[in-house]
Amino acid sequence: MLLAGAAGCSSDDDAPDGGDTVVVAADLNNASAVDLAYARALQLRIEQINNSGQLGERKLELRTQDNRNDPTVSLRNISTFGDDPAVAAVIGGICDSCVVGAAKTINDKRLPTISLAASDEVVNPVAERQYIFKLGPNSADSAATLVNEFTRTGIKKIAVLHTNDLYGRGANAALTDARGSGITATATRAVKTAASDITQAVGALTDTDPQALVVLTPPDLAQQAATDARAAGFRGSIYFDSAAASDLFIPRAAVRATDNATMVFTQILAIDDVIATTPAKSSRKQWFRDYTSRYGSYSGVASFAADAVDLIADAVARVGADRPAIREIIETSQVDGLSGPIRLTPDNHSGLMPQALTLLVARSGRWRLAS
């Protein structure tokens, strides 16, 4: 309902060259909890920007369409957005195959698009994704952070569970490359993103007696994997990559299983542990409070959506709804965002820097800084 409520409409007078309203479109999956968090963050951030006067006489308007996690539906949505001159840019949600499938249309319609999907493939190869950008952790950076922690703690045998999709396969490949010869995978299993029962796959992994179970899946599957592993008697360490990030508080059913689990993510889910020593950190704490005040809790992914709006708003403030000009500005953006440092270049359209990532540990049902 929130996604539908966020959808707006513009009159024929809202043309990009003279109108006061500039549309930011969002292609999201109504049935996804992650995309619901994105929708909430987009609406809140757009309201904040409009109220700030940052855009002068202009106002941003959020318009969303449900892609149902279907690339065909998503392509239709994006084509419609591209044909509307009031739409200055698009923000895509968790569906990575949706953005990849629409890449040619996005380029042909010169439609600046910021993807919030986890897969690195949404922006690679860059030569074929000139109008597509990504905010969120990169698989190679997450993998490097995990491997550094394995080395520090002496873990040499891991078992890996990943989803059988663009993100999961890419994350597993990045982990394989990062671990080199010093860390061995005792077993690897792939599961469908919509799997309702992963007990057998998890059991096959824990039966190989690894020191650590590494889970490269979205939040629901990650929590289920931890629960199934502990139920099977696994007493080793459990590690999640950044795609497992969800709400500030872990669901009650998974609290015991995830206790002391480690996750690679940004500081935002443990922002209470962060001292505001810089303006950027102060802004992150304020955003956390604003989102929590509006919606009652905090979703870790919300900062990526807010950063996407900020990048678009900065460009709109300078060039209005001129799409090619917006693309050029985004492509050279360098900001300390709510997620962390963001550096975009013509050769790198995935802007979140490795320095934004840290290790969080689950303690008593919520995430805390590991150190």
Could you work out the relative contact order of the chain? I mean the mean sequence separation of Cα pairs under 8 Å and 6+ apart, divided by the number of residues, in percent. 17 percent
From the phi angles alone, apply the Karplus equation (6.51, -1.76, 1.60; θ = phi - 60°) to region 156-163 and give each ³J(HN,Hα) in whole Hz, x where the residue is Gly or Pro. 10, 10, 10, 10, 10, 10, 9, 7
Sorting A127, A102, G53 by the position of each Cα along the dipole of region 37-153 (Lys, Arg +1; Asp, Glu -1; all at Cβ), the one nearest the positive end of that ordering is G53
Cα convex hull volume per residue for region 158-212 (Å³): 62 Å³
In nanometres, the difference between 0.36 nm per residue of separation and the alpha-carbon distance of D108 and V319 is 73.9 nm
Suppose R0 equals 41 Å; then what is the FRET efficiency for T184 and L369 from their Cβ-Cβ distance, rounded to the nearest 0.05? 0.90
Apply the Karplus parameterisation 6.51 cos²θ - 1.76 cosθ + 1.60, with θ equal to phi minus 60°, to every residue of region 176-186 and state each ³J(HN,Hα) to the nearest whole Hz, in sequence, with x for glycine and proline. 4, 5, 6, 7, x, 9, x, 10, 9, 8, 6
Quick calc, the chain, dipole around Cα centre from Cβ unit charges on Lys, Arg (+) and Asp, Glu (-), nearest 20 debye, gives 1300 debye
So what is the 222 nm mean residue ellipticity for the chain from helices alone, if each DSSP H run of at least 4 adds -39500 (n - 2.57) and you divide by all residues, rounding to the nearest 500 deg cm²/dmol? -12000 deg cm²/dmol
Largest first and to the nearest Å, give the Cα extent of region 16-132 along each principal axis. 36, 31, 22
When ligands, DNA and RNA are left out and all protein chains stay put, how many square angstrom of accessible area per residue does the chain have with a 1.4 Å probe? 41 Å²
Taking only Cα atoms, what is the 0 to 90° angle, nearest 10, from helix 302-319's long axis to the longest principal axis of the chain? 30 degrees
Counting only protein heavy atoms, what percent of the accessible surface of the chain is carbon or sulfur at a 1.4 Å probe? 46 percent
Straight distance only, please: which aspartates and glutamates reach the Cα of K134 with their own Cα at less than 16 Å, same-chain residues fewer than 8 apart left out? D27, D35, D96, D120, E121, D307, D310, E328, E331, D336, D347
Could you calculate, for region 64-144, the ratio of the Cα radius of gyration to the Kirkwood radius, expressed as Rg to Rh? 0.97
Selection from F265, G203, A190 lying farthest towards where the dipole of region 175-275 points positive, charges on Cβ: G203
Residue with peak Gaussian network fluctuation, the chain [Cα springs, cutoff 10 Å], from A89, A305, A31: A31
HN-Hα couplings for region 250-266 via Karplus (6.51, -1.76, 1.60; θ = phi - 60°), in whole Hz with x for Gly/Pro, come out as 6, x, 3, 5, 10, 4, 5, 5, 8, 4, 6, 5, 10, 10, 7, 6, 7
Say the cut-off is 31 Å between C-alpha atoms; which of K109/K285; K59/K285; K157/K192; K59/K104; K192/K285 go over it? K109/K285; K192/K285
Counting Lys and Arg as +1 and Asp and Glu as -1, what is the net charge of the other residues whose Cβ lies under 14 Å from the Cβ of Q200? -1
Along each principal axis, Cα extent of the chain, largest first, Å: 65, 41, 37
Compute the angle between helix 33-52 and the longest alpha-carbon principal axis of the chain, please, reported from 0 to 90 degrees and rounded to the nearest 10. 40 degrees
Cα convex hull of region 82-233: mean projected area in nm², to one decimal? 9.9 nm²
Over all directions, the average projected area of the alpha-carbon convex hull for region 238-371 comes to how many nm²? 9.1 nm²
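The values are calculated or read from the model by the stated rules, or taken from the named source; none is laboratory data. Quick caveat, the model's predicted, so the values are computed rather than measured. All Cβ positions, glycine included, derive from the backbone under ideal geometry; neighbour counts span all protein chains shown. We work out accessible area using only protein heavy atoms, side chains counted, and drop any ligands, DNA or RNA first. Shrake-Rupley method; radii C 1.70, N 1.55, O 1.52, S 1.80 Å.
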